[in-house]
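The values are calculated or read from the model by the stated rules, or taken from the named source; none is laboratory data. This structure is a prediction, so every number in the text was calculated from the model and none was measured. When we count neighbours, we look across all protein chains shown, and the Cβ atoms used for this are built from the backbone with ideal geometry, even at glycine. What goes into the accessible areas is simple: the full protein's heavy atoms, side chains included, and nothing from ligands, DNA or RNA. Shrake-Rupley method; radii C 1.70, N 1.55, O 1.52, S 1.80 Å.
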Amino acid sequence: MKRLLGVALGVLTAIGGFVDIGDLVTNAVVGSRFGLSLVWVVVVGVIGICLFAQMSGRVAAVSGRATFEIIRERLGPRAGLANLAASFLINLLTLTAEVGGVALALQLASSVSPMLWIPVAAFAVWLVIWRVRFSIMENVTGLLGLALIVFAVAVFLLHPDWNQLAGQALAPTVPETEESTTYWYYAIALFGAAMTPYEVFFFSSGAVEEKWGRKDISQSRVNVLIGFPLGGLLSVSIAACAAIVLLPRAIEVTSLSQVILPVAEAGGKIALAFVLVGIVAATFGAALETTLSSGYTLAQFFGWSWGKFRRPAQAARFHVAMIICLLVGIGILATGVDPVAVTEFSVVFSAVALPLTYLPILIVANDRQYMGDDVNGRLTNAVGLVYLAIIVVAAVAAIPLMIVTGMGS
């Protein structure tokens with residue numbers, strides 16, 4: 001029974017933890033401009049993150065070491081440094097966006113300027129990382145993030161034309177009001193939002209934090225293969241709400257308040273309360289994950305002592321690195337930059353960094369020195385290679401499309 005509850009809890013937290021500020025904003029923007037014609041990208045992204053997350057979790061469970069530690073050892077310091085530079089910089093940008101997202105959500109709940117909430121949010125992130133146990137931190141934010149299910153409920157309360165929505169999803173076309181380059185730019189942005197690099201590094205390091213072994217591989221697989229796809233359905237629900245309410249009125253999403261407008265219209269104050277709780281939990285949880293991932297990547301590359309399972313005094317450089325990353329994030333946001341704009345940059349540049357993140361994971365998952373008989377099977381490798389091809393195409397096309405489309409404007 002205890003193991004069954006552990007699986008159920010893991011699935012629920014995977015659902016609630018899948019959606020972050022990148023998914024919220026990008027899916028709402030896409031829904032308000034393209035309807036559900038880019039839902040196929042969410043499906044592709046969810047399959048990809050499931051594939052590589054279960055790989056990284058299996059590597060950690062079998063070897064007892066986080067993926068980034070093995071990458072440096074297996075590929076050497078130069079390749080490891082390239083991987084570190086790309087992953088860390090994207091992670092830092094994502095961390096900044098998540099802290100800004102918490103501030104924006106708290107502004108919606110309180111009408112207090114987000115500039116005042118930014119240092120509060122960052123301090124709260126540091127305090128939780130410093131004092132709260134890993135399992136409690138992960139489970140509480142994930143479960144509270146389930147409040148975002150209100151987006152799925154709102155879709156039904158809005159009484160949409162189901163045939164129209166199904167037509168958009170199953171027969172995707174570029175709307176007459178949009179350029180094909182803009183369509184593909186947002187396709188890459190959605191793909192980057194679904195496969196953000198920090199997710200696999202956090203998943204792998206979290207497996208070490210929770211002392212996973214071979215016996216936990218099946219539980220990890222269930223959490224990933226059920227929780228992430230259901231989390232993907234939340235992403236589709238966000239896009240559907242925007243398609244139903246915002247698209248017909250030609251309202252383009254430029255702020256978080258517009259993201260939640262369809263929910264408020266569908267369910268009133270009660271639904272609004274749920275969505276605010278869900279957004280605060282989702283962005284705060286993602287801020288915790290990105291902050292920890294910053295410390296994980298640096299500590300694992302340089303060989304520092306790391307982990308919440310160690311006392312802060314035993315992993316001092318790990319904790320100092322995270323504090324510095326939070327301060328950098330606060331500094332960026334203090335310039336007055338729009339957190340939504342930071343989010344849009346982060347998801348596109350995530351796509352650029354994907355090859356340096358996922359190719360090493362595939363290599364390590366096939367290394368018998370670390371994995372023994374638990375290396376990837378032929379089917380997993382075949383699908384992994386297909387995804388690497390997709391990832392490379394997305395990475396190469398991301399910057400040119402961003403320039404040509406003026407970031408989708």
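A compact table of results
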item	result
Output for the range 108-122, where each listed residue is within 11 Å of PRO339 (Cβ to Cβ) and in contact (Cβ under 8 Å) with a residue 24 or more places away in the chain	PRO114, MET115, ILE118, ALA121
Search result, residues across the range 355-391 that are over 19 Å from ALA66 (Cβ atoms) and surrounded by 14 or more Cβ atoms within 10 Å (Cβ to Cβ)	PRO355, THR380, ASN381, VAL383, GLY384, TYR387, LEU388, ILE390, ILE391
Some residue of the range 182-200 being at pLDDT 90 or above and open to solvent by 40 Å² or more (accessible area, probe 1.4 Å)	yes
Which listed residue, of VAL99, VAL62, VAL19, is over 23 Å from ILE188 (Cβ atoms), crowded, with 24+ Cβ neighbours inside 10 Å and in contact with a helix residue (DSSP H, G or I) (Cβ under 7 Å, 6 or more places away or on another chain)	VAL99
Identity of the residue in the range 218-269, at pLDDT below 90 and part of a loop (DSSP other than H, G, I, E, B), that ends up farthest from THR26 (Cα to Cα)	ALA250
Qualifying positions in the range 102-112 - modelled with pLDDT of 90 or more and not hydrophobic (A, V, I, L, M, F, W, C)	GLN107
Which listed residue, of ILE323, ILE391, is over 17 Å from the mean Cα position of the chain (by Cα) and closer than 21 Å to PHE201 by Cβ	ILE323
